[in-house]
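So the structure is just underneath, and the comments pick up after that.
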Amino acid sequence: GIERVKAANELSAVLAERGVSLRKKGRVLVARCPFHEEKTPSFTVTPSKGLFHCFGCGVAGDVIGFVTKHDKVSFRDALDVLAKRAGLDLKKEMEARPRAVRRPPAEALTPPEPKPTCIPPAIVDHYPRTFCEREDAQAYLVKRGITDTDLVQALTVGYADGSLLRAIPKTGELRKELKELGLITAQGRELLGGCIVVPIPDSVTGQWVNLYGRGLRTPRHCYLPGPFRGVLNYQAARGSEEVVLTESVLDALSFHQAGVATAIPIYGTNGFTADHLDCFKREGVKRVVLALDSDEPGRKASGALKGKLEEAGVAVRVASFPEGVKDAHELLVTRNGDATDAFRRILDGAEPRPASPEVASPPLSEKPQAAAATQS
């Protein structure tokens with residue numbers, strides 16, 4: 001099936017055929033990223049795993065994911081391209097079934113294989129393509145004040161219109177994997193159908209480990225089943241000693257729209273996870289501005305989170321929104337052209353005020369620098 005197609009196409013060879021010049025560096029290969037301009041090579045290939053990852057723009061994946069992104073084709077078309085390259089009959093490969101093997105009693109007692117932990121990059125790439133085809137999805141973000149197309153592209157924002165179920169094989173490993181991830185429900189429906197989709201990466205590997213969905217026509221919002229994993233815009237922690245924490249993904253996007261590239265969302269009032277804390281410790285974050293909702297749950301969460309971060313050695317300031325404004329998103333959509341100034345005042349006014357200008361909030365970026373990361 002899919003694994004045989006991948007095994008028959010060495011990633012480095014496929015890259016070379018598409019003009020990517022690789023050189024050996026220890027156990028990996030490096031090159032200038034083909035997906036963004038850079039002078040210093042940050043595009044890394046791990047031959048033993050068949051994976052690539054760019055530490056500059058965050059793109060990552062396997063040989064199928066590379067072909068879908070580079071050739072701008074669908075997951076199915078990428079499979080077809082690679083099957084033909086390897087001299088395989090894709091139809092036969094997808095129809096092939098491994099022969100049943102009778103397990104001896106001892107083997108039957110071994111635990112089952114672990115469920116998949118990462119989302120295939122080609123699946124994540126499906127959603128932005130759909131978003132580009134749907135004017136209603138684009139209009140929704142504009143209505144929400146998110147008009148920066150560079151930001152939308154950098155965070156790989158997409159839309160789930162239900163076409164994913166038609167785009168993947170009706171049977172086989174991929175569909176099984178998506179069911180195990182919860183992306184396809186027990187009833188056979190697409191979990192995020194009808195939602196704007198924002199993928200969330202692991203802050204260590206850059207692989208996609210979660211998806212956030214926000215209903216286009218309903219207030220519905222959801223993530224993949226299971227523990228909250230991943231840190232959206234973890235690159236901010238890597239590039240700045242101070243980050244801003246928001247209560248939701250839409251609040252973080254609102255900060256970015258206003259030019260604050262250091263905004264990172266948590267998973268609701270009690271959604272600061274071990275992934276967040278580990279990321280901050282690993283990347284050396286020294287200061288956090290809490291910009292949670294101004295309602296009672298948000299204020300309580302800010303107090304609890306302030307204590308947790310300070311115990312970890314991180315200095316904390318708490319931002320307050322203007323009277324009558326609940327959160328960052330409401331601040332964005334209620335301003336007529338002065339959102340940038342409004343968000344700057346929020347950050348500058350966070351308590352306690354910094355004792356020295358050296359620890360004041362970093363200047364607003366000219367353009368949000370959030371970068372997407374893609375799964376293995």
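The values are calculated or read from the model by the stated rules, or taken from the named source; none is laboratory data. Fair warning: this is a prediction, and the values are worked out from it, not measured in the lab. Because the Cβ atoms are built from the backbone with ideal geometry, glycine has one as well, and the counts that use them run over all protein chains shown. SASA here: full protein model, heavy atoms, side chains in, ligands and nucleic acids out. Shrake-Rupley method; radii C 1.70, N 1.55, O 1.52, S 1.80 Å.
Summary of values
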| quantity | calculated |
| --- | --- |
| Percent antiparallel among DSSP beta bridges (both partners in the chain, rounded to 5) | 70 |
| Extension gain from K84 to A13, taking 0.36 nm per residue of separation minus the Cα-Cα distance | 24.1 nm |
| Cα pair distances exceeding 25 angstrom across the range 135-290, given as percent | 32 |
| Phi-based couplings in Hz for the range 263-272 (Karplus 6.51, -1.76, 1.60; Gly and Pro marked x) | 7, 10, x, 9, 9, x, 4, 10, x, 7 |
| Principal-axis tilt of helix 121-133 within the chain, Cα atoms, nearest 10 degrees | 70 |
| Separation of the N336 and H36 label points, Cα + 7 Å toward Cβ, nm | 3.6 |
| Per residue accessible area of the chain, 1.4 Å probe, in Å² | 50 |
| Calculated P(r) of the range 183-267 - Cα pairs past 21 Å, % | 32 |
| Principal semi-axes in Å for the range 231-273 [√(5λ), Cα gyration tensor, largest first] | 16, 13, 7 |
| The range 19-93, Cα convex hull volume normalised per residue, Å³ | 101 |
| Residue-span extension gain [R353 to R299] - 0.36 nm each, minus C-alpha spacing | 17.6 nm |
| Solvent exposure, largest accessible area first (probe 1.4 Å, DNA, RNA and ligands not counted), of E180, E135 | E135, E180 |
| Nearest-ten-degree value, helix 274-283 long axis tilted from longest Cα axis of the chain | 80 |
| 5 angstrom amide H check on I264, placed H, neighbours 5+ away | V244, L245, T246 |
| Kirkwood hydrodynamic radius of the range 134-177, from inverse mean 1/r over distinct Cα pairs, in Å | 12.5 |
| Antiparallel DSSP beta bridges within the range 214-329, percent to nearest 5 | 10 |
| Shape box of the chain [Cα atoms, principal axes, largest first, Å] | 67, 49, 47 |
| Nearest 10 degrees, 0 to 90: helix 296-311 Cα axis against the chain principal axis | 80 |
| Accessible area of the chain belonging to carbon and sulfur atoms, whole % at 1.4 Å probe | 51 |
| Euclidean distance of C-alpha centroids, the range 146-167 and the range 201-219, integer Å | 11 |
| Efficiency of FRET from Cβ geometry, A186 and K24, R₀ 45 Å, rounded to 0.05 | 0.45 |
| When the range 248-354 is reduced to its Cα atoms, the Kirkwood hydrodynamic radius in Å | 14.1 |
| Sites K91 and A274 - FRET efficiency at Förster radius 45 Å, r taken between beta-carbons, to 0.05 | 0.50 |
| Burial order of peptide ranges 32-39, 125-132 (average beta-carbon count within 10 Å, highest first) | 125-132, 32-39 |
| Cross-link pairs K84/K176; K286/K308; K92/K170; K39/K281; K91/K170 - those with Cα-Cα distance over 18 Å | K84/K176; K39/K281 |
| Candidates G206, G337, G284, ranked by Gaussian network fluctuation over the chain, Cα under 10 Å, top entry | G337 |
| Of all DSSP beta bridges in the range 195-275, antiparallel share, percent nearest 5 | 75 |
| Net length gained if the chain between R345 and T46 were fully extended (0.36 nm per residue, minus Cα distance) | 103.2 nm |
| Inter-label distance, nm, simple model (7 Å from Cα along the C-beta direction), D71/K281 | 4.4 |
